[in-house]
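What follows is a set of notes on a single structure, which appears directly below.
Read-outs throughout are calculated quantities, based only on the coordinates presented, and are distinct from any laboratory measurement. Since this is a predicted model, take the numbers as computed values, not measurements. FYI the Cβ positions are ideal-geometry reconstructions off the backbone, even for glycines, and counts take in every protein chain you see.
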Amino acid sequence: MNRDTRIAWINGLLLPFLNVLTAFVATAVVFLLIDVNPIEAAEVLLYGSFGYEEGIGYTIYYTTNFIFTGLAVAVAFHAGLFNIGGEGQAYVGGLGAGLAILFLDPTLGAWVFIPASIIGALVFGALWALIPAYLQAYRGSHIVITTIMFNFLAASMMVYMMVHVLRETGQMTPQSELFPTNAWMPFVHDVMAGFGYTIEASPLNLSVLLALLCSVLVWFFLWHTRWGYAIRATGKNSTAAVYGGIKPKRIIIVAMCISGALAGLVSVNELVGYQHRLIMDFHLGYGFGGIAVALMGRNHPLGIIVAALLFGTLYQGGAELAFEMSGISRDIVVVMQGLVILFCGALEYMYRPWLVRNLAPVNTQGELGATP
Amino acid sequence: MNDIFLTVLLTLDATIRVSTPLIFAAMAGLFAERSGVVDIGLEGKMLAGAFAAASVASIVGSPWAGLGIAILVSTSLAMLHGFATITHRGDQIVSGVAINILVAGLTIILGLAWFHQGGLTPALSNESRFLSITLPFVEQLALIPVLGPIYKELISGHNILVYLAFVVVPMVWWVVYRTRFGLRLRAVGENPKAVDTAGLSVIKLRYKALIVGGVLCGIAGAYISTAHNAQFTRDMTAGQGYIALAALIFGKWRPLTVMLACLLFGFLDAVAVRLQGVSIPGIGEIPVQFIEATPYLLTVILLAGFIGRAIPPKAVGTAYVKER
Amino acid sequence: MKNLAIELTGIDKHFGAVRANHKVCLQVKQGNIHGIIGENGAGKSTLMSILYGFYQADAGKIDVLGNTYSFTDSHQAIAAGIGMVHQHFMLVENFTVLENVILGSEGGLLLANGLAAARKELTRLGDEYGLKVDLDATIDTLSVGLQQRVEILKALYKGAKILILDEPTGVLTPQEAEELFRIFGALKQQGVTIMLITHKLREIMAITDQVSVMRAGEMVAHRDTKDTNREELAELMVGRKVLLQVDKGPANVRAPLMTVKHLTMADKQGVERLKDVSFELRAGEVLGVAGVSGNGQSELLEALAGIHPISSGSIEMLGVEMNAKSALGPDILRDMGVAHVPEDRHRMGLITDFSASESALLGYHTDPKINSGLWLSKDKVDANCQQLMQAFDVRPADPHLKSANFSGGNQQKLILAREMERNPEILLIGQPTRGVDIGAIEFIHQRIIAMRDAGKAVLLVSVELDEIMSISDRIIVLCDGEVTGRISAESADERTLGMMMANALDSQDSLDPFHSMDKESSTQATSQDLSA
């Protein structure tokens, strides 16, 4: 095996594996720190997420959110952009979905409501990303800072909308009235019942199919269309992209809008699929979680689905863990997200120099043919 | 008339209390960013500091012990940021996000394990907190019109960390503009190559800057849990780290203007609280959310160059690599 | 016999697999102005960075003023009495002159004392050497010439006895350069040793005492300036290489496909990189653009390819005009039939992280032949790459292999195939054989000739004079962004071109942009007169 192949092997396989492993080991250390046997915890966690039908339903339900935000972060990453505004875009996406439903005639059929709410979420999510994208492309403001600010702006705006505009009449809770049942994304247990299978009720709804569809579309878009090609080329080497006639400003706008739209879809799963009304803070943590999912899934839809499933498992299993063992909560998932972002993202290349030195050393004399 | 005056005073008094952690955190960010390292981990370091301070203060019973540990914890996180971004040249944003998320989870998990109070730390008794200090002659001077109340309500009656914040700002200014370290700090954030060719170590300078930032963030955290409040609660920094970041940008990375930005943002916060449900004659009720959003909106507008220009240190965000 | 200021013995330096310096030896006498000349990439800057402690040599010995050192950082080199003025100034732009000067030698924890002492010392130095500059001005308000003065002051303030200047006149106007040379004189008088790195022969001849020539990482000659001349230095610098024979018949030149008139272009910093460039490119010919690298050739290619907007003048290509107001992007130019092989294949020509088949698509990803509706067909993309690889014998012929994992020659062939196989009317091609093995060079040359014989117009930019001379039909020479020579390939030789590249030809009457053949012969006559 020559040196190039070895390096490719280190970068492509060994390094990501070691990074994820390190994140897992670090999580185990946290468990030990709080006096919980990590293996026992893993058992409880796995039972909670896969041991019974309702648990599985919850697991996939959470996974759906992580797929949306993971894809969102990944699309921006491929264009060389770091969208940390997934939180805000998901939240505002909920406004789009909610408005689409609340302003339509409640007697309309599901075939109007469901597509309308999806489009509402897509458009509002995209709009919330469009402004930072425009400011980066044409005004030179840094997209990371602007998207952070937009997360907070989204929070304020949503509270305002919820308290002053959309609050259910006569209620104190800042949430909208219940969506008409026609506008509910069907639950999987209901659909299965229609086919004659009985499964335990869970929040799992057909949004999961939307998430899978989006994964396929993102994969198709990024790797099998000219626009995806242009996005990836810009992200990898913007000088070469300009040489190839690609316009980076346009790429920033397009990639961010897609990213924001995907993040917006979290609301379809959460609100249209389960809560059936516009509520506060339904989005919390999924936008940031998407960063961990994308980093761990190597920005590829397949990897993202796997990573999202892992975090979905942790999320649901974490709830079980909190229930079964005292002194622990599902926030352990957040810890793990942080560790994944740290080791798969910020410290991505920590092991590389060491690995390259030991597994693929440079042989200067040999390669140059120079005499010592 | 007197009522309005008192209301203004109380609002300003609240402004100072709310601004204090922003000032510490923004000064921390100033050191990091002036050295060329983006620090969106201010939030996480503050939160960790707040947790550490409240935990230790509740166990040991001394706010000073809490403060010490808060500084230690926050500085360790700053060193983690340095290890990732300076030593391993990892992405500064990703590293900051990692720290924020990690801390958000860890504080709850550890809090639960140690105190079994649903992620909170035990409520602190007065001995374990930084309490307000009444300055001398308050009562005697209270009778003087205007100045008396100002002295009593606004200047006196804060805890030691508040006063420290307003001492720290001129100190930061002095360090940044009047000392050798400050000169090198400003240089390394603008043109690390110039620093390198002058025979100085870019890496060491950036680590030093992060250490100072870690210390200041630790104080900010301790203030939040052991001075402004009396225990640690989940996510209690509530985005103040990001507001501090916004203030840093809004103040154009200069100590005194950054402090003014912190005071402005703090004032908006205090006003938002006061205006809750209050109808202003002629205008009607201003939605609180609108006032809350103002700092972020102002920062976005400034960054986009619509009002003046915020030009960050030139080398900020990039790891230093010798050419080739 | 003066004492030696610098003695370098057997300096070796590698960057990964690239050999930047090989067994370099150099002696510089105290109080002299010593020139180091060589083309870009010859290893001059690396050598000086080693001397300045910025890089560490892999092997070799450094003596400064009689003591042996092994510098591990610039601080030690500064302490040993070496000062360096880099090509790109190492100044903090929003600092004052005074702050820049004391950075790294502040004289204590507090600035106040250091600043006061520095002010006094700098005033003295300014008087002594005629280096006047407003000490309280911030750098970004100063002209480039004054910024350079600050760099020199910085070095002197830190006690430099030996001053290294890397391409100091590259950014200066002729007047500023004259002023700089005057300062050199003053410094020399005070016993300061000056090492001047440049590729400009005129400067070497005008002000140095000794000159050393570097080529391909090695020191190839040392001369006393009075015993040498421009011609010899030009030859030493470029080096005599085996002339590659290219079979080509006479050119069948037809109508112009591209007319460039008074083209001027400034870079992002506002520095003019191209000045009033005019020429014609005709169907059925190869027009070579010669010049020492960094004299505007890259900018010319980028302007013609629509990558960088031009400041004034016009470019008419295939009947369409581009000027400062109406720019055409690379995508539109490609559609029109203008292909571009960029100089730097890693930075621009391909995307090293992409597979070969994706890199083979760069610039053509919207081609309807590869897209079917929305679908960018993988099969067609692979087939396209497969076909290109076959046509240009790219090995391994594996479209799925990462672009980075091909050898330089095969990467280049892939790019050439991409740009040439679409049968463009105009081919812009930069450094076609840089880092390419001998076999591939011949192949690439034949392909370029084949394009020309098919009646296409080729503009060839190369720093290899053999290449320029053996492939081109006509040659223009760029120096400092201006056209300083026009000559037909038959009448060109290395000496003449070398003189033109150094802008050493004084005759301007032959510089008619749309020259005919007989005028070219007169150019040749003039240059021979000069060199005789």
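Computed quantities for the displayed model
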{"quantity": "Angle between chain C longest axis and helix C:517-531 axis [Cα atoms, degrees, rounded to 10]", "calculated": "30 degrees"}
{"quantity": "Highest average packing first - A:282-289, B:168-175, Cβ atoms within 10 Å", "calculated": "A:282-289, B:168-175"}
{"quantity": "Fewest-first sequence of B:271, B:146 by Cβ atoms within 10 Å of each Cβ", "calculated": "B:146, B:271"}
{"quantity": "³J(HN,Hα) computed for each position of the range C:362-376 - Karplus, 6.51 cos²θ - 1.76 cosθ + 1.60, integer Hz, glycine/proline x", "calculated": "4, x, 10, 5, 9, 4, x, 5, 9, 8, 10, x, 6, 6, 8"}
{"quantity": "Amide H partners (placed H, <5 Å) of residue A:205, local residues excluded", "calculated": "A:188"}
{"quantity": "Listed peptides C:42-52, A:164-174 by packing density, highest first (mean Cβ within 10 Å)", "calculated": "C:42-52, A:164-174"}
{"quantity": "Packing-based order for B:211-219, C:364-372, C:486-494, using average beta carbon neighbours within 10 Å, highest first", "calculated": "B:211-219, C:486-494, C:364-372"}
{"quantity": "Average Cα contact separation per residue, the range C:350-423, under 8 Å, 6 or more apart, as relative contact order %", "calculated": "39 percent"}
{"quantity": "C:484, B:134, B:294 arranged by Cβ crowding within 10 Å, fewest neighbours leading", "calculated": "B:134, B:294, C:484"}
{"quantity": "DSSP bridge orientation in the protein assembly as shown - percent antiparallel, rounded to nearest 5", "calculated": "60 percent"}
{"quantity": "Computed helical MRE - 222 nm, the protein assembly as shown, DSSP H runs ≥ 4 contributing -39500 (n - 2.57), nearest 500", "calculated": "-16500 deg cm²/dmol"}
{"quantity": "Whole-number D in µm²/s for the range A:59-129 (Stokes-Einstein; Kirkwood sum over Cα pairs; 25 °C, 0.890 mPa s)", "calculated": "188 µm²/s"}
{"quantity": "Percent of beta bridges antiparallel (DSSP, the range C:4-238, rounded to nearest 5)", "calculated": "55 percent"}
{"quantity": "Interchain or long-range residues, amide H under 5 Å from residue C:59's placed H", "calculated": "C:12"}
{"quantity": "Table column - 3J(HN,Hα) (Hz), the range A:184-196, Karplus curve with 6.51, -1.76, 1.60, x for Gly and Pro", "calculated": "7, 5, x, 6, 5, 5, 5, 4, 5, 4, x, 8, x"}
{"quantity": "Shape of the range B:1-139, Cα gyration tensor, a/c cut at 1.5", "calculated": "oblate"}
{"quantity": "Proximal charge balance of residue A:69 [Cβ under 14 Å; K/R count +1, D/E count -1]", "calculated": "-2"}
{"quantity": "Whether chain A is rounded, prolate or oblate, judged on the alpha carbon gyration tensor where a/c under 1.5 counts as rounded", "calculated": "oblate"}
{"quantity": "Antiparallel bridge percentage (DSSP; both residues within chain C; nearest 5)", "calculated": "60 percent"}
{"quantity": "10 Å Cβ neighbours from other chains, averaged over peptide C:447-458", "calculated": "0"}
{"quantity": "For the range C:4-238, alpha-carbon Rg relative to the globular expectation (2.2 N^0.38 Å, N residues)", "calculated": "1.00"}
{"quantity": "Under-28-angstrom lysine pairs by C-alpha in chain B, whenever the two are 8 or more apart or on separate chains", "calculated": "17"}
{"quantity": "Overall form of the range C:110-196 per C-alpha gyration tensor (a/c, 1.5; a/b vs b/c)", "calculated": "oblate"}
{"quantity": "Per-residue average of Cβ from other chains inside 10 Å of B:184-192", "calculated": "4"}
{"quantity": "Sorted by Cβ neighbour density within 10 Å, fewest at the top, the residues A:207, C:403", "calculated": "C:403, A:207"}
{"quantity": "Per-selection metrics, the protein assembly as shown (Cα): Rg and Dmax in Å", "calculated": "34.1, 108"}
{"quantity": "Candidates B:127, B:33, B:285: whichever shows maximal mean-square fluctuation once chain B is modelled as a Gaussian network with Cα springs under 10 Å", "calculated": "B:285"}
{"quantity": "From the C-alpha gyration tensor of chain C, square roots of 5λ in Å", "calculated": "44, 27, 24"}
{"quantity": "Ratio of Rg to Rh over the range A:201-263 (Cα coordinates, Kirkwood Rh, two decimals)", "calculated": "1.15"}
{"quantity": "Rh by Kirkwood over Cα pairs, then Stokes-Einstein D for the range A:72-293 at 1.567 mPa s and 4 °C, µm²/s", "calculated": "72 µm²/s"}
{"quantity": "Dipole moment magnitude, nearest 20 debye, the range A:72-293 about Cα centre, only Lys, Arg, Asp, Glu C-beta charged", "calculated": "1120 debye"}
{"quantity": "Amide hydrogen neighbours beyond the local backbone of residue B:317, cut-off 5 Å, H modeled", "calculated": "B:37, B:38"}
{"quantity": "Other protein chain Cβ atoms within 10 Å, averaged over every residue that makes up C:87-98", "calculated": "4"}
{"quantity": "Chain B: relative contact order in percent, alpha carbon pairs under 8 Å with at least 6 residues between", "calculated": "34 percent"}
{"quantity": "Kirkwood Rh in Å, taken over all unlike Cα pairs in the range C:350-423", "calculated": "11.9 Å"}
